[in-house]
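Asks: Sending over a structure as structure tokens; questions will come in a sec.
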Amino acid sequence: MGALSDEDVADILEGVMATYSMPGDPHVAVAEGFGLRVSVERGALRVEDGIGADRRRRPYEVVAPPERLVVVGEGTLSTDALAWCQSQGTAVVVLARDDVLLAGSPPGRNDARLRRAQALAAGSRGGLVVVRRLLGAKLAGQAKVLRDVLGELSTAETLGDLARGAEVAADMEEAKGYEGTGAAAYWGCWSGHPATAVRFVAHDRKRVPPHWRSFDTRRSAITGATNTNRLADRPLNALLNLCYKLAEVEARFACVRLGLDPGLGVLHLDAPGRDSLAWDLLEPLRPVVDRFVLELVAERSFAKRDFAERADGHVRVMPPLAHELAAVMPAWRRAVAPHAEAMAHIFAEQVEGKLTLTTPLTASKGIAAQAQVRRRKAAEARERAEAEHAKYRNAKPVRRPAPAQPERAATLFATCVDCGGPLARSRHVRCPACWERQPAQSREARRRRGRSIAMARSELERWKAEHPQAVAHPSEFDPIRERMAGVTLRAIMAATGASKPAASGWRSGRHVPALRHWAALADLLGMEPADELGCSERPHTAENGTAAVAAVPDREQRASGRR
């Protein structure tokens, strides 16, 4: 790499200023730069980092500790800070270049039986179940990425078939064969696809190497004979590598929390300096990371300062973009949690004796228990309501005493006409006791009246709903009333279902019946609606349980029928 140009220096300075002017993330604290310092002052975690004159200082109080502390750079990390993070449940990650120097999380379960079952799982039935689950989830996730993001439907169907085959593989080698075949087809769809093209801002398009804008293969050309993807030679691979590394850290934290040994893998072989079990858990997370990176590439135009190319061609992600990607670590924690807990439960099944595991990562057992309690309480509430309903439904009518009336001084001549006792109110003629003994005021009589009133109101509302436009002037009832003089009240009551006082008021002209009774009265008097009242429908009386249909006079008949 030659000397830096003025534009490169300006980019570096701009990137430094943008990085250390960012506010502290409340969930993930990233410390990077030279002379950084992480310590504890007055009970709070103090993170100081920066380069040169661009420095920042962020306090994290006990009431709102960060979930993760990621240290990338040169400086000091005090033991007080490590103790503070452990007491507050903050995991500490120290990165150097592309390696993890320290990944410390709060202590989890400590049970040697679980770790022994984990060590023996590589060649057992439980290990095969774990491999089936992990590789099946990985292939299914890759198929979903191809279908939803890249639009490769045929290859997605192929990976779906491979996922189903991996879930029922006879041994680990067969499952690995399905995974290898799927990986070749999966990354082949990435190569040259428009969705994998990296966009740069207009100012930097001519300054970036041409190969930075496209994705060729997952393998890096600068690794030589090893032919690995460890050292990225393109920005897209650099984004994938960094996100994979952060997801691997979350997988390691999940293993420690559940009491598993991160180094004893089932799918990956043991290797010095490698957390093989964390790599196993990383497999179902890879499609999740891939989708995130593809969506990031689709939504964002990058700047040249977001990436740095070393003398050997190795491309790395630079701040502030690296800090933004580190802030996504809680998403990887949530994605790995169900797979890690399922793996731990599979290992626990191989332990002799009783070994009950909790679900500290997803809290699924607690959530299920709470849901069961809610269902039980709801069932008990329904049973109580049904019992109360049955009790009141089957109970005999209870005569409730009349509400007590305040005693008042007797007034002159205000006495009951039956017993001569005092009246509750001066305008009454009977006392409450004699009033209750009247046949028309008995409890059964009041019930019948109440039912009749309720039925009448119901019929009225239904008739109004069926005839919303039915209107007429009261004077239009005059032709009908003129012929009602010789009709008995009993006949009017039978035809309309009305009471005797109401029928008397209609016949005498003191009141005008409701519009819905006009058709019934016209039919009683022998008046044809079509000839004399302009009715379009025949009436139905209330005796057969249906609402009467109103006879609305038309314009000509209304004019001729008036006095």
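The values are calculated or read from the model by the stated rules, or taken from the named source; none is laboratory data. Just so we're clear, the structure is a prediction, and the values are computed from it rather than from any experiment. Neighbour counts run over all protein chains shown; Cβ positions are idealised from the backbone, glycine included.
Asks: Would you point out the residue of the stretch 490-512, among those that are over 20 Å from ARG449 (Cα atoms) and of a type outside the set (Gly, Ala, Ser), that is surrounded by the fewest Cβ atoms within 10 Å (Cβ to Cβ)?
Replies: Filtering the stretch 490-512 for residues that are over 20 Å from ARG449 (Cα atoms) and of a type outside the set (Gly, Ala, Ser), the one surrounded by the fewest Cβ atoms within 10 Å (Cβ to Cβ) comes out as ARG510.
Asks: Next question, about the same structure. Considering each residue of the stretch 61-71, count those that are of a type in the set (Asp, Glu) and more than 30 Å from the chain's Cα centre (by Cα), and give that number. Walk me through it before giving the result.
Replies: Pass one, the stretch 61-71, residues of a type in the set (Asp, Glu): 61, 67.
With more than 30 Å from the chain's Cα centre (by Cα) added as a condition, the list becomes 61.
So the answer is 1.
Asks: State all residues of the stretch 141-186 that are farther than 21 Å from VAL289 by Cβ and not in a helix (DSSP H, G or I); if no residue qualifies, say none.
Replies: VAL168, ALA169, ALA170, ASP171
Asks: Continuing with this model, one more query. Need pairs with beta-carbon distance below 8 Å; first residue polar (S, T, N, Q) and within the stretch 303-330, second crowded, with 19+ Cβ neighbours inside 10 Å; sequence gap 6+ or separate chains.
Replies: Pairs found: none.
Asks: Which of (1) within 23 Å of VAL293 (Cβ to Cβ); (2) more than 35 Å from the chain's Cα centre (by Cα); (3) not acidic (Asp, Glu) does LYS206 not meet, given it meets every other one?
Replies: Every condition holds for LYS206 apart from (1).
Asks: How many residues, within the stretch 206-218, are in a loop (DSSP other than H, G, I, E, B) and under 17 Å from ASP233 (Cβ atoms)?
Replies: Filtering the stretch 206-218 for residues in a loop (DSSP other than H, G, I, E, B) gives 206-209, 214-218.
Still in the running and under 17 Å from ASP233 (Cβ atoms): 208-209, 214-218.
Final tally of qualifying residues: 7.
Asks: Using the structure shown, decide if ALA122 is assigned to a strand (DSSP E or B) and closer than 15 Å to LEU277 by Cα.
Replies: Here the answer is no, as ALA122 does not meet what is asked.
Asks: To continue, here is another question. Considering only residues that are surrounded by fewer than 19 Cβ atoms within 10 Å (Cβ to Cβ) and in contact with a helix residue (DSSP H, G or I) (Cβ under 6 Å, 6 or more places away or on another chain), look in the stretch 166-180 and name the one that is farthest from ALA195 (Cα to Cα).
Replies: Taking the stretch 166-180 and keeping what is surrounded by fewer than 19 Cβ atoms within 10 Å (Cβ to Cβ), we get 167-168, 170-174, 176-177, 180.
Applying the additional criterion that residues be in contact with a helix residue (DSSP H, G or I) (Cβ under 6 Å, 6 or more places away or on another chain) yields 167, 172.
Working: GLU167: 30, MET172: 33 Å.
Among them, the one singled out is MET172.
Asks: So which residues in the stretch 124-148 are crowded, with 19+ Cβ neighbours inside 10 Å and farther than 22 Å from GLU341 by Cβ?
Replies: Of everything in the stretch 124-148, those that are crowded, with 19+ Cβ neighbours inside 10 Å and farther than 22 Å from GLU341 by Cβ turn out to be GLN142, ALA143, VAL145, LEU146.
Asks: If I filter the stretch 187-205 down to residues being in a helix (DSSP H, G or I) and either outside the structural domain of SER301 (by TED's automatic domain parsing) or hydrophobic (A, V, I, L, M, F, W, C) (or both), which single residue comes out as surrounded by the fewest Cβ atoms within 10 Å (Cβ to Cβ)?
Replies: Taking the candidates together, the pick is ALA202.
Asks: Could you tell me which of the residues GLU476, GLU482 is surrounded by 16 or more Cβ atoms within 10 Å (Cβ to Cβ) and among the acidic types (Asp, Glu)? Before you say what the answer is, go through the steps one by one.
Replies: Working: GLU482 fails: surrounded by 16 or more Cβ atoms within 10 Å (Cβ to Cβ).
On inspection, the qualifying residue turns out to be GLU476.
Asks: Another question, if that's okay. Please go through the stretch 83-124 and give me each residue that is charged (D, E, K, R) and at pLDDT 85 or above, ordered by number.
Replies: Result: ARG113, ARG115, ARG116.
Asks: Given the options HIS211, HIS268, name the one that is without any contact (Cβ under 8 Å) to a residue 40 or more places away in the chain and within 30 Å of GLY123 (Cα to Cα).
Replies: HIS268
Asks: If you take the residues of the stretch 25-60 that are small (Gly, Ala, Ser) and not in a strand (DSSP E or B), which of them is nearest to the chain's Cα centre (by Cα)? Write out each step before concluding.
Replies: Applying the first criterion (small (Gly, Ala, Ser)) to the stretch 25-60 yields 29, 31, 33, 35, 39, 43-44, 50, 52-53.
Then keep just the ones that are not in a strand (DSSP E or B); that gives 43, 52-53.
Working: GLY43: 38, GLY52: 46, ALA53: 46 Å.
Top of the filtered list is GLY43.
Asks: Identify all residues within the stretch 473-495 that are β-branched (Val, Ile, Thr) and in a loop (DSSP other than H, G, I, E, B); write none if there are none.
Replies: Residues of the stretch 473-495 β-branched (Val, Ile, Thr): 480, 487-488, 492.
Result: VAL487, THR488.
Asks: Quick one: which residue in ALA247, ALA271, ALA278, ALA254 is surrounded by fewer than 21 Cβ atoms within 10 Å (Cβ to Cβ), among the small types (Gly, Ala, Ser) and out of contact with any Ser or Thr (no Cβ under 7 Å at 6 or more places or on another chain)?
Replies: After applying the criteria, what remains is ALA271.
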